[in-house]
1. Provide the convex hull volume over Cα atoms per residue for the range 161-292, in Å³.
2. For the range 3-49, rounded, prolate or oblate, judged on the Cα gyration tensor with a ≥ b ≥ c (square roots of eigenvalues), a/c < 1.5 rounded, else prolate if a/b > b/c?
3. What is the magnitude of the charge dipole of the range 3-49 about its Cα centre, with +1 placed on the Cβ of each Lys and Arg, -1 on the Cβ of each Asp and Glu, and no other charges, expressed in debye to the nearest 20?
4. Give me the percent relative contact order of the range 149-206, please, defined on Cα pairs under 8 angstrom at least 6 residues apart.
5. Which of the listed residues, SER125, HIS231, ALA263, is farthest toward the dipole's positive end in the range 56-289, when Lys, Arg count +1 and Asp, Glu count -1 at the beta-carbon?
6. Using Cα springs under 10 Å in a Gaussian network model of the chain, which residue among ARG170, ARG138, ARG12 shows the largest mean-square fluctuation?
7. Could you work out the relative contact order of the range 57-99? I mean the mean sequence separation of Cα pairs under 8 Å and 6+ apart, divided by the number of residues, in percent.
8. Taking +1 at the Cβ of each Lys and Arg and -1 at the Cβ of each Asp and Glu, which of ASN54, ILE169, TYR43 sits farthest along the dipole of the chain towards its positive end, judged by Cα position relative to the Cα centre?
Amino acid sequence: MNYMDQQVVTKRLSGRLLKNKLFKVLFLSATILALLVLVLLMYRMISQGMHYLNWDFMKNFSSRIPENAGIKAAFIGSLWLLAVVAPVSMLLGVGAAIYLEEYAKKGKFTTFIQMNISNLAGVPSIVFGLLGLTIFVRMLGMGKSVLAAGLTMSLLILPVIIVASQEAIRAVSNDLREASYGMGATKWQTIVKVVLPAAIPGVLTGGILALSRAIGETAPLVVLGIPVIIHFLPDGVWSEFTALPMQIFDWAKRPQEEFQYVAAAGILVLMLVLIVMNSVAVIIRNKFSKRY
C-alpha cells in the first residue's frame with residue numbers, strides 16, 4: 001500500500017469515527033432529554049398531588065369541594081373495566097395470532113389480513129369510540145355500561161396484542177416444535193405445551209403495554225358518554241361507571257386551581273396502577289424466560 005492509499009484509508013477511518021461520535025452524542029442527548037421530561041413530569045405530579053393523596057382521597061367519591069374530592073368510584077370503575085378488557089382482548093388476540101402463525105396458509109389473503117391488522121393498530125382511538133357507540137351502545141342496547149366500554153377498549157388494543165403475540169410465537173425456535181412432533185405430540189398439543197409457554201414473555205409484554213393503553217385512554221369513553229361523576233359503585237358489567245381518565249379529565253378542566261392538584265393526585269394513582277401491572281408482567285416474564 002503506497003502513501004496515497006494510506007492517506008485515503010486514514011481519512012475514511014477518521015470520517016467514520018467522527019460519525020460514530022456524532023451519533024453517540026445525538027442518541028445520548030435524546031435519552032437525556034427523554035429522561036429529563038419524565039423527571040420534570042414526575043416532580044410536577046408529586047409536588048402538586050402528594051398533599052391530596054391520602055386514604056380519604058381513595059375512599060371518597062368526587063365532590064365539588066377539592067378537599068373532599070375522592071377517586072373511589074373512578075378507581076373501582078377502572079378495575080371493572082380492566083376485568084372485562086383483559087380476558088376479552090387477550091383471548092381474542094392470542095387466539096388470532098395462533099391461527100395466523102400456526103394454522104393459516106401463507107398467501108395473499110393471509111398477508112392482506114395481517115396488513116390490515118397492522119394498519120388498525122395506528123387508527124386513532126376516537127374512531128374505535130365511534131364504532132363502540134354505534135355497535136355496543138346503540139345497536140346492541142348496552143348503554144353506558146362497563147361491558148360496552150370494555151368491549152370498545154378491547155377492539156382498540158386488539159391489533160396491538162395480535163401483532164405482539166405473532167412476533168412472540170414467530171420467535172419460538174422450530175427445533176422445539178420438531179422435537180415435540182418427534183415425541184408424537186399433535187399440533188394442538190405442541191402449541192399448548194411448547195409454543196405458548198415459550199412465547200409467554202413476548203405475549204405478556206405486548207399484552208400489558210396494550211392494557212396500559214386501554215386503562216389510560218379517555219377519547220373512547222367520552223364518545224360513549226361515560227359520566228365523569230357518579231356517587232355509586234358498579235355492581236356488575238351492566239352498570240354505569242366512571243374511570244380514572246374520565247375523572248382526571250374532569251378535574252383538570254375545572255377553573256379552580258385546587259382541582260389541578262386533585263388531578264395530579266389522580267394521575268399518581270393511575271401511574272401506580274400501571275407500575276403494578278408492568279411489575280407483574282416482568283415477574284412472570286422472567287419466570288418463563290429462565291425455562292426457555
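1. Values: hull volume 19.1 nm³, N = 132.
About 144 Å³ per residue, rounded to a whole number.
2. Values: a/c = 12.54, a/b = 11.14, b/c = 1.13.
Prolate shape, in that a/c is at least 1.5 and a/b is the bigger ratio.
3. Values: 7 positive and 1 negative charges, 26 e Å.
It comes to approximately 120 debye.
4. On the way: 34 pairs, mean separation 28.9, N = 58.
About 50 percent, as a whole number.
5. Of SER125, HIS231, ALA263, it is SER125.
6. ARG12
7. So the answer I get is 24 percent.
8. Of ASN54, ILE169, TYR43, it is ILE169.
All of the numbers you see were taken from the coordinates with simple rules; none came from a lab. Since the structure is predicted, the reported quantities are computational estimates derived from the model, not experimental observations. Here the Cβ is made from the backbone with ideal geometry for all residues, glycine too, and neighbour counts use every protein chain on show.
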